[in-house]
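Inspection log for the structure reproduced underneath, given as structure tokens.
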Amino acid sequence: MDDAAHDELVSLRRSIDNIDAALIHLLAERFKCTQQVGRLKAATDMPPSDPEREKTQIARLRALAEEAHLDPAFAEKWFNFVVAEVIQHHEQIATTGAISTDASEGD
């Protein structure tokens, strides 16, 4: 690999690393909000999941993905993965009043 290609690769990877860091911080903020939703649902005896909301969000995110030239199927898979974790948190909040913050437990 020549020097120019190496320098470009390093620069691109630095940008990717920055984006990854931003995504982690955004996900942390998202989960702070969903934990508040979980506490509200637990306090008012609402179910942990809301299939209608999820269906609406999937349609919205698929449309956003298309606009952003991202595979809509990938966006839906990502959303389903996140929602599964959120529902698990909501169930845990309803049962114990809190979610585990122990990283070794996979949360």
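Here, each number is a calculation from the coordinates, and none is a lab measurement. Treat the numbers as computed from the prediction; the structure is a model and nothing was measured. Cβ placement follows ideal geometry from the backbone for every residue including glycine, while neighbour counts extend to all protein chains displayed.
Determine the calculated [θ] at 222 nm for the chain from helices alone, applying -39500 (n - 2.57) to every DSSP H run no shorter than 4 residues and normalising by the residue count; nearest 500 deg cm²/dmol. Walk me through the numbers on the way to the answer.
Values: 3 runs with 83 residues, N = 107.
Result for the chain: -28000 deg cm²/dmol, rounded to the nearest 500.
Among R60, R30, R39, the largest mean-square fluctuation in a Gaussian network model of the chain, built with springs joining Cα atoms closer than 10 Å, belongs to R60.
Counting Lys +1, Arg +1, Asp -1, Glu -1, what net charge surrounds L9 among other residues with beta carbon under 15 Å of its beta carbon? Spell out each step's value before the answer.
Values: positive: R13, R14; negative: D2, D3, D7, E8, D17.
Residues close to L9 contribute a combined charge of -3.
GNM on the chain, alpha-carbon springs under 10 angstrom: the most fluctuating residue among I24, I16, I93 is I16. When a/c reaches 1.5 or more, the comparison of a/b and b/c decides; with that in mind, is the chain rounded, prolate or oblate per its Cα gyration tensor? Oblate, since a/c reaches 1.5 and b/c is not below a/b.
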